[in-house]
Amino acid sequence: MDYKREVELSTEYILEKIKDFQKVEVGLILGSGLGVLADEIENPVIIPYENIPNFPVSTVEGHKGQFVIGTLSDKIVMAMQGRFHFYEGYSMKEVTFPIRVFQALGIKKVILTNAAGGVNLEFKSGDLMIIEDHINFSFDNPLIGKNFSSMGPRFPDTSTVYKNYLIKIAEKSAKELNLDIKKGVYLFNTGPTYETPAEIKMARTLGADAVGMSTVPESIAAAHGGIDVLGISLITNMAAGILNQPLSHEEVVETANRVKLNFIKLVKKILFKLEVK
Ligand code: HPA
């Protein structure tokens, strides 16, 4: 079965589960420690990934592995509580499969979130960063292979993946909430190792402000599929070599827990301000 057909079958299954809803308006992908946002969704329909035909299954600690669909800030949203990472052994096509399902459902806007290490020396742990642009440092790409022209063009433009109007809405929302918000470039490494201090120095030289192990594959697939992306990184730690301490997943989860309320407030405010057709 080809990729396109797999996406169609997954989408058909999901559509049957959410047939009481009007059109889903916004897709949300929730990063490490940020899945709690989905608990705020009203009258949710929950669809475990394992029940969806052709769908990959999430394995990472702190990730639940289900779609939560319902109302959040007056919008009908479909949240991924737990995503698929390249470092788990999923192919780029599997990592971006959920984006293709969003696309097939007619979703035109996504908010992609992640936990990231701070590369910019002016950042501190707990900061939120709006992603302005990315560097794909994986030397792989989810669009390699047969192109389905009904999904998007062979050679897609990626000069405006992170839409300016969404960045403006996010900035305005942060301001209204009195939240200090950073903006910057997110560099994607495959992981699962955190970077070395030399790699972080390189990342900074290349123009990165934050590093992480997700989001870029999904952003690329979204751009290909004509979906507007807002990216938000939660800086859970300063990247390797900046502070005199080793990095750990525990620190990432701890920081996410510490600032998740701000994160939740911000995303809710952004959703309120989004105009959807
Ligand atoms: N590097 C890569 N990924 C991450 C980090 C980091 O420092 N923190 C959270 N995710």
Consider G191 carefully, then state whether it is surrounded by fewer than 24 Cβ atoms within 10 Å (Cβ to Cβ) and modelled with pLDDT under 95. yes
Inside region 70-129, the number of residues satisfying the requirement of being within 18 Å of E6 (Cα to Cα), within 16 Å of the ligand (Cβ to nearest atom) and aromatic (F, W, Y) is 1
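Could you tell me which of the residues S125, S150, S159, S138 is outside any helix (DSSP H, G or I) and free of Cβ contacts under 8 Å to residues at least 60 places away in the same chain? Talk me through it step by step, then tell me what you get.
Values: S125 fails: free of Cβ contacts under 8 Å to residues at least 60 places away in the same chain; S150 fails: free of Cβ contacts under 8 Å to residues at least 60 places away in the same chain; S138 fails: free of Cβ contacts under 8 Å to residues at least 60 places away in the same chain.
The conditions single out S159.
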Checked against (1) more than 26 Å from A203 (Cα to Cα); (2) out of contact with any helix residue (DSSP H, G or I) (no Cβ under 9 Å at 6 or more places or on another chain), L105 satisfies every condition except (2)
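Would you check which residues across region 219-236 are within 16 Å of the ligand (Cβ to nearest atom) and either outside any helix (DSSP H, G or I) or on the phi > 0 side of the Ramachandran plot (or both) and list them? Explain how you work it out, then say what you get.
Step one: filter region 219-236 for residues within 16 Å of the ligand (Cβ to nearest atom), giving 219, 231-236.
Passing the criteria: G231, I232, S233, L234, I235, T236.
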Counted residues, region 237-263 - those being away from the ligand (no atom under 12 Å from the Cβ), of a type outside the set (F, W, Y) and either in a helix (DSSP H, G or I) or in contact with a Phe, Trp or Tyr (Cβ under 8 Å, 6 or more places away or on another chain) (or both): 6
Consider only pairs whose beta carbons are under 6 Å apart and that are at least six residues apart or on different chains; among these, list those whose first residue lies in region 107-118 and is closer than 16 Å to D133 by Cα and whose second residue is away from the ligand (no atom under 12 Å from the Cβ) and charged (D, E, K, R). L112/E218
Which condition does T215 not pass, out of (1) surrounded by fewer than 17 Cβ atoms within 10 Å (Cβ to Cβ); (2) on the phi > 0 side of the Ramachandran plot; (3) more than 10 Å from the ligand (Cβ to nearest atom), if it passes all the others? (1)
Residues of region 7-32 being among the acidic types (D, E) and either assigned to a helix (DSSP H, G or I) or on the phi > 0 side of the Ramachandran plot (or both), which ones? E8, E12, E16
Checked region 170-197 for anything among the small types (G, A, S), more than 11 Å from the ligand (Cβ to nearest atom) and not in a helix (DSSP H, G or I); matches are G184
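The values are calculated or read from the model by the stated rules, or taken from the named source; none is laboratory data. Small disclaimer: the values here were computed from a predicted structure and weren't measured. Note that we place each Cβ from the backbone using ideal geometry, even for glycine, and neighbour counts take in every protein chain shown.
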